[in-house]
Amino acid sequence: MPSYLVRPAAPRDAKAIAEIHVATWQAAYQGLIPDEVLKAMTVEKRLAYWKEAIEYSDPQILVATENDKVIGFVGFDRSRDAGTKSNVGEIWALYITPAHWRKGAGLALWDGARDGLREEGCTQVTAWVLLANAPALAFFEHAAGFKRDMPSLKTTAFGPVRLEELRLRRTAD
């Protein structure tokens, strides 16, 4: 099992984060989200978002590196769900380059995010996952210990397709 270093994202990481975000979406959501929607997600568009997110820590971002190369990232902060208490954090994004799937980088990033959320006073953590994304559900439920929050099911549009998302929840300890 490779050993990953997890550290806060720096401005120089924005391009790698954008590349991982796009490549992972295109690999993970192939067949779920229409090709035209996946192709419209470009590194250039994501780069502006991630540069700003790193600059303002909104969300907070950690990267996982192997031999100084960024291979994954996690974005986390307070929950974005309306009416949520201030002690509830959320994993906003967790993406690993496909070549590093199922090799421990996701857990290393989850551990770092959990530590960061606890430092912020969060005692609960949520994550929204597409119900049709079986690998992501397996990671969050089996590897990271999240449980399904069944009444949370919502439908989100991805171009002409509407997919169900499910909120997962666990304690931050």
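The values are calculated or read from the model by the stated rules, or taken from the named source; none is laboratory data. Values in this document were obtained by computation on a predicted structure and should not be read as measured data. With ideal geometry, Cβ positions are generated from the backbone for all residues, glycine too; neighbour counts draw on all protein chains shown.
The table below gives the values:
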read-out	value
Residues (part of a helix (DSSP H, G or I) and either more than 17 Å from the chain's Cα centre (by Cα) or over 23 Å from Trp101 (Cβ atoms) (or both)) located in the stretch 131-173	Met150, Pro151, Ser152
Residue in the stretch 44-58 that is in contact with a strand residue (DSSP E or B) (Cβ under 8 Å, 6 or more places away or on another chain), in contact (Cβ under 8 Å) with a residue 24 or more places away in the chain, among the basic types (Lys, Arg) and within 27 Å of Leu163 (Cα to Cα) present	no
Those residues of the stretch 32-41 which are part of a helix (DSSP H, G or I) and either surrounded by 12 or more Cβ atoms within 10 Å (Cβ to Cβ) or among the acidic types (Asp, Glu) (or both), in sequence order	Asp35, Glu36, Val37, Leu38
Pair list, Cβ < 8 Å and 6+ apart or interchain, from the stretch 90-104 residues that are farther than 13 Å from Ala143 by Cβ to residues that are part of a strand (DSSP E or B) and among the acidic types (Asp, Glu)	Glu90/Asp77; Trp92/Asp77; His100/Glu66
Of the criteria (1) more than 14 Å from the chain's Cα centre (by Cα); (2) at pLDDT 95 or above; (3) within 22 Å of Glu19 (Cβ to Cβ); (4) not basic (Lys, Arg), which one Asp68 fails	(2)
Residue list for the stretch 1-31, filter: surrounded by fewer than 16 Cβ atoms within 10 Å (Cβ to Cβ) and part of a loop (DSSP other than H, G, I, E, B)	Met1, Pro2, Ser3, Ala10, Gly31
Breaking point among (1) in contact with a Pro (Cβ under 8 Å, 6 or more places away or on another chain); (2) modelled with pLDDT of 95 or more, for Trp101	(2)
Verdict on Thr126 being in a strand (DSSP E or B) and either among the acidic types (Asp, Glu) or surrounded by fewer than 16 Cβ atoms within 10 Å (Cβ to Cβ) (or both)	no
